[in-house]
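S.K.: Here you go, one structure.
The values are calculated or read from the model by the stated rules, or taken from the named source; none is laboratory data. The shown structure was predicted, so the numbers you read here are calculated from the model rather than taken from an experiment. Cβ coordinates were reconstructed from backbone atoms using ideal geometry, including for glycine residues, and neighbour counts include every protein chain displayed.
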Amino acid sequence: MSASASSKSTLVSSIISGILSLVIFATLRFYAHWFNGSQLHVLIGGFVGSWIFIFSLTCLSNAESIIFGQDFQAKFIPEILFCLSLAVAASGMVHRVCATTCILFSFVGLFFINRISNKHYNNVTPPVDAPVRKSGKKFK
């Protein structure tokens, strides 16, 4: 894949992730009375709020990848904490327990995102075996 095709797909992914996070936020706000209906609905609201975290992190990370280069990675303090606080605030507008379960579901989602990212991007080369000396002589 060429660099321009890769940057186009990253841009499209960033835009779609941003739109989806806004749609999920609007859904949380529009159906806030339903999410407050029962304890199960409150838990579902936290799960839906965690998707705001996942999509906003994808949007932000892809935008930074376009701006700073393909090797740029999202760090915990600026990007992940910002997206998590955004998702928790959105879920907290619905119910306090939604905010708490949003944190828990977001950490689970972050764990799986990290696993997928490590599997896809970290191509670790196996270590080269060094020759072993059997005696005190040096190799020539």
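S.K.: Mind checking which residues of region 26-61 are farther than 21 Å from N114 by Cβ and either in contact with a Gly (Cβ under 9 Å, 6 or more places away or on another chain) or charged (D, E, K, R) (or both)?
M.R.: Let us first name the residues in region 26-61 that are farther than 21 Å from N114 by Cβ, namely 26-45, 48.
Answer for region 26-61, where residues must be farther than 21 Å from N114 by Cβ and either in contact with a Gly (Cβ under 9 Å, 6 or more places away or on another chain) or charged (D, E, K, R) (or both): L28, R29, Y31, A32, W34, F35, N36.
S.K.: Just to be sure, is L43 at negative phi, surrounded by fewer than 12 Cβ atoms within 10 Å (Cβ to Cβ), at pLDDT 95 or above and not acidic (D, E)?
M.R.: Spelling it out, it is not the case that L43 is at negative phi, surrounded by fewer than 12 Cβ atoms within 10 Å (Cβ to Cβ), at pLDDT 95 or above and not acidic (D, E).
S.K.: Follow-up. With the requirement that a residue be among the aliphatic types (A, V, I, L, M) and in contact (Cβ under 8 Å) with a residue 24 or more places away in the chain, what does region 61-84 give you?
M.R.: Selection gives A63, I66, I80, L84.
S.K.: Checking the structure you have, find out if any residue of region 30-40 is among the hydroxyl-bearing types (S, T, Y), out of contact with any strand residue (DSSP E or B) (no Cβ under 6 Å at 6 or more places or on another chain) and in contact (Cβ under 8 Å) with a residue 12 or more places away in the chain.
M.R.: no
S.K.: Filter region 104-127 down to residues that are modelled with pLDDT under 85 and loosely packed, with under 10 Cβ neighbours inside 10 Å and give me whichever is nearest to L43 (Cα to Cα).
M.R.: Result: N122.
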